[in-house]
Structures are given as C-alpha cells and as structure tokens.
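Have a look at the structure below before the remarks.
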Amino acid sequence: MTTAEQIKNDLKQELQQVLSASEALLNNAEHQTNQEFQNAKQALENTLKNAKEEFLRIEDMLVQKSKSTIQASDSFVKENPWKTAGIAAGVGVILGLLIARNR
C-alpha cells in the first residue's frame, strides 16, 4: 500500500471513530446517568485528541516530504541549469504546439 493510500485509510478510520463516538454520545445522552455521560464524554474527548494527533503527524510528514522534494528539485536545477532550461523550453514548445493545433 502506498503512503498516500495509507494516509487516506488512517484519516478515514480516525473520522469514523470520531463520528461513532459522537453518535453514541448523542443517542444515549438522555438515557445515561451523570457518570455514564461523563464516561462517554471522556471517550469522545480521547477520540478527538487521537484524531488531532493523527492529523498533526500526517501534516508533519507531508511538510517533510514537500521540503525534501523542493530541496531535490533545487539541487537538480543548480547542478544542471542548461538541462533544466532545455526541459522547460521543450515543454513550452510542446504546449505551444498543442494550443496552436486546437485553434
């Protein structure tokens, strides 16, 4: 499983847990004693805390991956300026031909 798929599955699972805990709290609120309500509230708070931590972990991971990609791109451009200019020019010519052909 790729990292993107794993992130998607993790987020989906966290959101499902939050929704389940919220629904349970709302559905049973009127039938619960004060202690049961407090226990359900605590479970919901714990689930929300875990979801927030998961979102922060994923955000940090994405920021780190983005930084490393930017650094790699920057290094390539600095080490190969003419290659980079050639690639950019080639992409520009291809896009220009495609746009001109569609008119």
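The values are calculated or read from the model by the stated rules, or taken from the named source; none is laboratory data. All values derive from a computational prediction rather than experimental measurement. When we count neighbours, we look across all protein chains shown, and the Cβ atoms used for this are built from the backbone with ideal geometry, even at glycine.
Below are the figures for this structure:
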quantity: Verdict on residue 79 being surrounded by 11 or more Cβ atoms within 10 Å (Cβ to Cβ) and either free of Cβ contacts under 8 Å to residues at least 24 places away in the same chain or touching a His at 6+ places or on another chain (Cβ under 7 Å) (or both); calculated: no
quantity: Test: residue 68 is at pLDDT 85 or above and either under 13 Å from the mean Cα position of the chain (by Cα) or surrounded by 11 or more Cβ atoms within 10 Å (Cβ to Cβ) (or both); calculated: no
quantity: Matching residues in segment 11-23 - criterion: being touching a residue at least 24 places away in the same chain (Cβ under 8 Å) and aliphatic (A, V, I, L, M); calculated: 11, 15, 18, 21
quantity: Matching residues, segment 1-43, being surrounded by 11 or more Cβ atoms within 10 Å (Cβ to Cβ) and either touching a Ser or Thr at 6+ places or on another chain (Cβ under 6 Å) or not in a helix (DSSP H, G or I) (or both); calculated: 17, 18, 21, 32
quantity: Hits in segment 24-69 - residues which are in contact (Cβ under 8 Å) with a residue 24 or more places away in the chain and polar (S, T, N, Q); calculated: 47, 50
